[in-house]
Amino acid sequence: MQAIVDTLNSALNKNLQDGRGITRADFPDGFVFGTGTSSYQVEGATTEGGRGIGVWDDLTLRTPNKVADGSNGIIACDVYHRYKEDIRLMKQMGFDSYRFSISWPRILPGMTPFVTLFHWDLPNCLQLEYGGMLSDQVVNDFVEFAELCFKEFGDRVKFWTTLNEPWTYTVMLYTPGDDFAPNDPTSNDSTNVQSSSQGGQRNLPSHRLPKKVRQFASTNQTINDNVFPGKIDLATDAYTVGRNLLLCHSAAVQSYRTKFQMYQNGQIGIVLNSSYHYPFDSNSQDDQDASKRAIDFMLGWFLEPVLYGQYPESMLQYAKGNIVPFSEDEQKGLAGSVDWVGLNYYTSDFVTYEKSPPDCFAMVVDSSTGLYDHLQYLQNKYKQDMPPLYITENGVADQNDPSLTAKEACVDETRVQYYQEHLAYLLKAILELAFDVRGFFAWSYCDNFEWTSGYTSRFGIIYIDYINGLTRYMKNSALWFANFLRGSATTSSALEKRQVEKDSERASKKRKAT
Ligand code: PNW
């Protein structure tokens, strides 16, 4: 007990609020630090090794207008060929673990592999044959794929993720205006191209927002202009896809537990995503209720079935007629079907009550406190039912700026600050709430194909030089992690030196220009 108090005090003394001065030494023993990627976003080599065609190949190649820069993952970051260099870089930075996904249409160490089975690249043939995730036929096919992976790789892979962000796969596909693969050929015109923006979020038409949120967003400095409506009025298809995804998860876990786990001794979990939803007006009961409902509709939708076997009460009530509750048999398979849960956390937002459309969000920029508040909310709500948690994604994007040199683009102070603050609030949750968080994965290891934003959005701590042989460079955030993971706090002269270099480069450019 005294030890915990000492750690807490020493960590708090280091100015937890903004994270300056914290290092991995402040985190519990055995805490895992990693970076993450997913197969389609980084691998490239899409025609090699007998790989089949995936829904993202179909979308990007047949309807390139759906991607902000018309790009695709044919080459991406070429991690397929360069993985050894990449693992070396990860080691050099001091990370312990690498979160990646196995490309289902491809069917394919130093680092602890954290492997995702389904990170959205469904084989296109299954989409064409029976509508992919819209049909429960997918469950048998998914189990077949999962078993092949357990059998082939289970000797080395001890951390399996069935699904990445089922909420995103569901909502990004089956909400009008969202254009993620699988391809919907009926929304094929260029007016559908979304302006990509920070954080991989989309700008949706602001007229769909209630006036009070719009006004607030336009006058409040701490709010992104990037506001988007709540997702409670979803189409029935979304619930069908969400349901089939959960059935895929449940069946794969049952197979792992009955046929593999006792020999392979691994753990299996699911990766969910959720912003923290604050009430827009904290004095309004309606807004408070709406914000809790929004958490249910984003996180609870998938968390409660894997904990308890059924959807949250609020969903059964509000989505009645659209959502099909799980049968008793299905509940048995789902309840307790995770050894751990992953949370992908990026930002938080405000929710306000609206009769029609139901609830609305506006994004918050200051999101590190949101991470803490989120964990506190989860702990109060799910208590001892909450399984061990990993933060499986956290990070921030830069808009690709073609006018910057690679060197200039590596000065990513916003990202350094983002990680400092989020790690500080994560540490606070571990120490003050005694939340059982066991690891943290930065998203992403490298800049990559950001789905419908293409290569316009850079999430990496490693910079990829797309116009010069895909050369890798460590951004300042990578140097920051390298120091942090070594246990030395970064008031790093290396970072400062780069800043100075950048300033002098700018100055000399200016001189040349004038
Ligand atoms: C997650 N949104 O995706 C994914 O797991 C990653 O593949 C992705 O690169 C990362 O976050 C960064 O975006 C999301 O618009 C993409 O709400 C878009 C949204 C949410 C999650």
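Structure above, values below:
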quantity	calculated
Residue selected from region 457-470 under the condition more than 12 Å from the ligand (Cβ to nearest atom) and in a loop (DSSP other than H, G, I, E, B), by the criterion nearest to the chain's Cα centre (by Cα)	461
Hey, residue 42 within 18 Å of the chain's Cα centre (by Cα) and away from the ligand (no atom under 16 Å from the Cβ) or not	no
Top-ranked residue in region 360-375 [being among the polar types (S, T, N, Q) and closer than 13 Å to residue 417 by Cα; ranked as modelled with the lowest pLDDT]	367
Residue in region 277-298 that is under 20 Å from residue 118 (Cα atoms) and assigned to a helix (DSSP H, G or I) present	yes
Breaking point among (1) surrounded by fewer than 20 Cβ atoms within 10 Å (Cβ to Cβ); (2) within 16 Å of the ligand (Cβ to nearest atom); (3) among the aliphatic types (A, V, I, L, M), for residue 442	(1)
Failed item in (1) out of contact with any Lys or Arg (no Cβ under 8 Å at 6 or more places or on another chain); (2) outside any strand (DSSP E or B); (3) at pLDDT below 90, with residue 244 passing the rest	(3)
Close pairs (6 angstrom Cβ cut-off, 6 or more residues apart or separate chains): within 12 Å of residue 103 (Cα to Cα) in region 41-66, of a type in the set (Gly, Ala, Ser) and at pLDDT below 95 anywhere	55/181; 56/181
Residue match in region 325-341 (condition: within 16 Å of the ligand (Cβ to nearest atom) and at pLDDT 95 or above)	yes
Count of residues meeting criterion [away from the ligand (no atom under 16 Å from the Cβ) and in contact with a helix residue (DSSP H, G or I) (Cβ under 8 Å, 6 or more places away or on another chain)] in region 268-288	6
Residue in region 43-53 that is outside any strand (DSSP E or B), surrounded by fewer than 18 Cβ atoms within 10 Å (Cβ to Cβ), modelled with pLDDT under 95 and in contact with a strand residue (DSSP E or B) (Cβ under 7 Å, 6 or more places away or on another chain) present	yes
Pairs with Cβ under 6 Å, 6+ apart, first in region 336-355 and more than 12 Å from residue 370 (Cβ to Cβ), second aromatic (Phe, Trp, Tyr) and within 11 Å of the ligand (Cβ to nearest atom)	351/361
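Okay, residues lined up against (1) of a type outside the set (A, V, I, L, M); (2) over 18 Å from the mean Cα position of the chain (by Cα); (3) within 22 Å of residue 423 (Cβ to Cβ); (4) surrounded by 19 or more Cβ atoms within 10 Å (Cβ to Cβ):
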| site | (1), (2), (3), (4) |
| --- | --- |
| 57 | yes, yes, no, yes |
| 61 | no, yes, no, no |
| 68 | no, yes, no, yes |
| 78 | yes, yes, no, no |
| 92 | yes, yes, yes, no |
| 114 | yes, no, yes, yes |
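The values are calculated or read from the model by the stated rules, or taken from the named source; none is laboratory data. Just so it is clear, the structure is predicted and the values come from calculations on it, not from any experiment. For neighbour counting, all protein chains shown are included, and Cβ atoms are generated from backbone atoms with ideal geometry for every residue, glycine included.
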